[in-house]
Amino acid sequence: MTTQTPPLTYDTINVGDHFTSPGRTVSESHHGLFVLLSGDWHSIHCDEAYAAATPLGRRLVHGTFGITMALGSLEAQVLNVVDRLIAALGIREWSYKAPIFIGDTLHIELELAGKRITSRGDAYILQRHIRLINQSGTVVQEGLVDSMFALPQHSHPQ
């Protein structure tokens, strides 16, 4: 069963549309690979004894892992923009609301928050509000993400 949306283009993207991804469980392997890639071996992430003595009582998954999961595999499962991606423009107002732990199952809720044609008229900016949510329904991270896509010549700017 596919959960991805039908192909979206500038003409079919509607501000206010909502999408929800399926869940993905954070495994020990995901955590370990991210530690290796990031080089962040802080004890809160890697030392069970240290983490057990903290207020949360166990190791935390890196906050940046949450951003990576939200904007990578989870977003790719629900947002199928077929116009050519030109550039990621930034992440704004991203906040960490709650910790992520190994074993958490995360999904995203994505709202298309804005679209506008660039001043040159050959591309558009798509803004998404993304919420990363755990298995308990707690928003663990959220923010706004902007990307630029090529505007097909057949599009009719709104």
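Just so you know, all these numbers are worked out from the coordinates, no wet-lab data involved. Bear in mind that the values here come from a model prediction, so they are computed numbers and not experimental data. A quick note on method: Cβ atoms are made from the backbone with ideal geometry, for glycine too, and the neighbour counts reach across all protein chains shown.
Observations, loosely collected:
- In order through the stretch 88-97: 3J(HN,Hα) via Karplus (6.51 cos²θ - 1.76 cosθ + 1.60), integer Hz, x for Gly, Pro: 7, 9, x, 10, 10, 6, 6, 9, 8, 9
- Calculated [θ] (222 nm, deg cm²/dmol) that DSSP helices of n ≥ 4 give over the chain, each run adding -39,500 (n - 2.57): -4500 deg cm²/dmol
- Amide H contacts of Leu151 (H built 1.01 Å from N, under 5 Å, at least 5 apart or other chain): Ala123, Tyr124
- Intensity falloff of the stretch 1-87 expressed as log10 I(q)/I(0), Debye formula with alpha-carbon point scatterers, at q = 0.10, 0.23 Å⁻¹: -0.40, -1.12
- Of the trypsin sites (Lys or Arg not before Pro) in the stretch 1-107, those whose Cβ has at most 16 other Cβ within 10 Å and which sit in DSSP loop: Arg58, Arg84, Lys97
- Cα-based equivalent ellipsoid of the stretch 83-157: semi-axis lengths in Å, sorted from largest, via gyration tensor: 31, 11, 10
- In terms of its C-alpha gyration tensor, the chain has a prolate overall shape, because the principal axis ratio a/c (a ≥ b ≥ c, square roots of the eigenvalues) is not below 1.5 and a/b outweighs b/c.
- Angle in degrees between helix 28-38 and the longest Cα principal axis of the chain, rounded to the nearest 10: 70
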